[in-house]
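Input: a single structure, listed below in structure tokens.
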Amino acid sequence: MSKVLVSDPIDQAGIDILSQVATVDVKTGLKPEELVQIIGEYDALMIRSGTRVTQEIIEAGTQLKIIGRAGVGVDNVDVPAATRKGIVVVNSPEGNTIAAAEHALAMMLSLSRYIPDANASVKRGEWDRKSFIGAEVYKKTIGIVGLGKIGSHVAAVARAMGMKLLAFDPFISTERAEQIGCQLVDLEVLIQQADYITLHIPKTPETTHLINTERLAKMKPNARIINCARGGIIDEEALAVALREGKIAGAALDVYEAEPLGESSLKSLGQQAVLTPHLGASTTEAQVNVAIDVAEQIRDVLLGLAARSAVNIPGLSPDVMEELKPYMQLAETLGKLVGQLAGGRVELLNVRLQGELATNKSQPLVVASLKGLLYQALRERVNYVNASIEAKERGIRVIETRDASIKDYAGSLHLEATGSLGTHSVTGALFGGGEIRLTNLDDFPINVPPNQHMLFTLHRDMPGIIGKLGSLLGSFNVNIASMQVGRKIIRGDAVMVLSLDDPLPDGILPEIIKVSGIRDAYTVTL
Ligand SMILES: NC(=O)C1=CN([C@@H]2O[C@H](COP(=O)(O)OP(=O)(O)OC[C@H]3O[C@@H](n4cnc5c(N)ncnc54)[C@H](O)[C@@H]3O)[C@@H](O)[C@H]2O)C=CC1
Ligand SMILES: O=C(O)CCC(=O)C(=O)O
């Protein structure tokens, strides 16, 4: 019989499901070294946010087939390490949506009416009615940053409370925002106009310290901010200063840069700060939902079936998987690339399956392309199962075509996306040993392997451009790993594809576009 280790508190409903197919050991509060010692015995590991599944634990888990995160965020799992070892990582993208949204709303009302401090004062034996004169949310403006699952539910309830709704989400169409009843605005407008700002976005390099000293200074003095998403989206030190100096009226936080929250200047603040210990998902209902959702997937994988919310490995039948596996990564990489070239708010994705891929069996490659395209917006919340639904909800039209006559490579994939930066296309194929190659960019022939940090330029093919760009990058201390020019005619238009050792520093892209002969430049992270 298989063995499952449950290393965080999980609802009994999940344990009951796992027990149908496995011996279940519940051992919570293990130290990392204790987990490394015992993990080798187990076929599956089920966690919440309390267990950090490091590469060392994954390496020691020689029998592991699946890691199940009873919740949304898999930022406590080294997913690339699990993928390298063929371990499926699953989560529950929707099981705690309502719980997290309601917590954010509860935080907003608690802040406005000083409920935590008023409660504490009554319990101390006081009857102080003067210190807790609150503010109404009715007719106030709420600015929702991130209009995904949780943000949309917050919007629906806030609307019912008579609030005016602004939203910032660069990956959502205006139509979708209007359906939810929100006016889509730039972040800076939202920051300046909102009375309440609530964050419902993933933590990514772009969202880290999104709320910093400068943005706090632009908020209204009566503004209150709520973070029930991820710690680190707000710069906590800057927030504490802004609250202490009365630059804004209040903050309610459920998540912190380091958890549990240790020494922090937030703790010495008065009633203008409400702090909870990462309770967003802590409702009986959400814990039952996520436990069942994830336990069912662990059970299915242990029985040799597919998982419905795998974040790293698709739930395809073994024979289809065998044939398509080498191309899934290609499709996802091309999706990530073309999505970033097209900018946010992609309206249209054309996927052309070429050569031997031009068959019905290759349909999962369209889904993998969408998963890549949506990665920048949704991170680990997009998977092979929900990618098509998420695309539809975001108003992304997907056109799928097949062309068996294109035989430059055995099989190749061509993606074209239209978004806020215009229309861009990329083609890719697999070379010997399954190595991914980008073979065409915006109709220019190229032949480069994808790299984590890349820079693309559209320029005039003329002497001196490559040197000027190289010097400019050098002056910003950016090291070029490789460079290739793609052109159709000599001294005509051309593209330059550069692989960089590091991400491009902020502010350099406009400088690149100023170089004479360069018409456009794009940077992507894969
Ligand atoms: N406190 C808690 O216990 C819980 C926290 N969460 C967290 O809540 C957050 C939201 O979760 P969901 O709504 O389920 O995710 P979701 O994936 O449905 O929505 C996230 C939204 O953020 C948008 N987005 C991505 N990057 C952005 C950026 N740079 N600026 C503005 N918008 C951006 C996306 O387009 C998407 O619409 C996540 O960070 C999740 O980990 C989720 C559940 C419980
Ligand atoms: O498991 C928990 O309580 C944390 C929930 C959470 O933050 C998530 O699902 O992303």
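Extents of region 278-403, largest first, come to 50, 35, 18 Å (Cα atoms, principal axes, whole angstrom). Residue pairs exceeding 25 angstrom between C-alpha atoms, taken from K31/K267; K139/K267; K203/K325; K139/K247: K31/K267; K139/K267; K203/K325. Each Lys and Arg contributes +1 and each Asp and Glu -1, all at the Cβ; summed about the Cα centre of region 78-142, the dipole is approximately 120 debye.
Give me the number: length gained by fully extending E188 to I115, i.e. 0.36 nm times residue separation minus the C-alpha to C-alpha distance, one decimal in nm.
Working: separation 73, 0.36 × 73 = 26.28 nm, distance 3.01 nm.
Residue separation times 0.36 nm, minus the Cα-Cα distance, leaves 23.3 nm.
Think of region 117-197 as a dipole: +1 on every Lys or Arg Cβ, -1 on every Asp or Glu Cβ, centred on the Cα centre; then among A135, N119, Q192, N119 lies furthest on the positive end. Each peptide among 27-33, 228-234, 76-82 gets the average number of other Cβ atoms lying within 10 Å of its residues, and from highest to lowest they stand as 228-234, 76-82, 27-33.
Taking 0.36 nm per residue of separation and subtracting the Cα-Cα distance, full extension of the segment from A13 to T283 would add 95.8 nm. Note on region 318-450: with neighbouring protein chains present and a 1.4 Å probe, carbon and sulfur make up 49 percent of its accessible heavy-atom surface. Membrane-span-like helices in the chain (whole DSSP H runs, Cα extent of at least 18 Å along the helix axis, mean Kyte-Doolittle hydropathy of at least 0.5): 97-113, 363-378.
Can you give the relative contact order of region 318-450 as a percent, counting alpha carbon pairs under 8 Å and 6+ residues apart?
On the way: 275 pairs, mean separation 42.1, N = 133.
Relative contact order of region 318-450: 32 percent.
Straight-line reach from K218: taking Cα to Cα under 18 Å and skipping same-chain neighbours fewer than 8 places apart, the aspartates and glutamates in range are D186, E188, D195, D235, E236, E237, E245.
Within region 452-526, the proportion of Cα pairs with more than 22 Å between them is 13 percent. Backbone geometry of region 256-266 corresponds, through the Karplus equation with coefficients 6.51, -1.76 and 1.60 at θ = phi - 60°, to 3J(HN,Hα) couplings of 9, 4, 10, 10, x, 5, x, 4, 7, 5, 5 Hz, x marking Gly and Pro.
Would you calculate, for the chain, the mean residue ellipticity at 222 nm contributed by helices, counting each DSSP H stretch of 4 or more residues as -39,500 (n - 2.57) and dividing by all residues, to the nearest 500? Kindly include the intermediate steps, with their values, before the conclusion.
Numbers: 17 runs with 179 residues, N = 526.
Roughly -10000 deg cm²/dmol at 222 nm, from the helical runs in the chain.
Measuring nothing but alpha carbons in the chain and taking Rh as the Kirkwood radius, the Rg to Rh ratio lands at 1.00. Just the number, please: carbon plus sulfur as a percent of the accessible area of region 97-275, 1.4 Å probe, no ligands or DNA/RNA counted. Carbon and sulfur together cover 53 percent of it. For the chain, the residue among M496, I508, V72 whose Cα projects farthest onto the positive side of the dipole built from Cβ charges is I508.
Assigning unit charges at the beta carbon (Lys, Arg +1; Asp, Glu -1) and nothing else, what dipole magnitude in debye, to the nearest 20, does the chain show about its Cα centre? Working shown, then result.
Values: 52 positive and 61 negative charges, 222 e Å.
Charge dipole, the chain, about its Cα centre: 1060 debye, nearest 20.
Extension gain I133-V241, at 0.36 nm per residue separation less the Cα-Cα distance, in nm? Intermediate results must be reported in sequence, preceding the final value.
Details: separation 108, 0.36 × 108 = 38.88 nm, distance 2.32 nm.
Full extension of this stretch gives 36.6 nm more.
Once the 1.4 Å probe is applied to the protein heavy atoms, the chain comes out at 44 Å² accessible per residue. Between I10, T207, H278, the Cα set farthest toward the positive side of the dipole of the chain (charges on each charged residue's Cβ, about the Cα centre) is that of T207. Here's how it looks for V274: its modeled amide H is under 5 Å from those of A251, A252, L253, which are all 5 or more places away or on a different chain.
The values are calculated or read from the model by the stated rules, or taken from the named source; none is laboratory data. Computed from a predicted model, the values in this text were never measured in an experiment. Heads up, the Cβs are rebuilt from the backbone with ideal geometry, glycines too, and the neighbour counts pull from every protein chain shown. Accessible surface areas use protein heavy atoms only, side chains included; no ligands, DNA or RNA. Shrake-Rupley method; radii C 1.70, N 1.55, O 1.52, S 1.80 Å.
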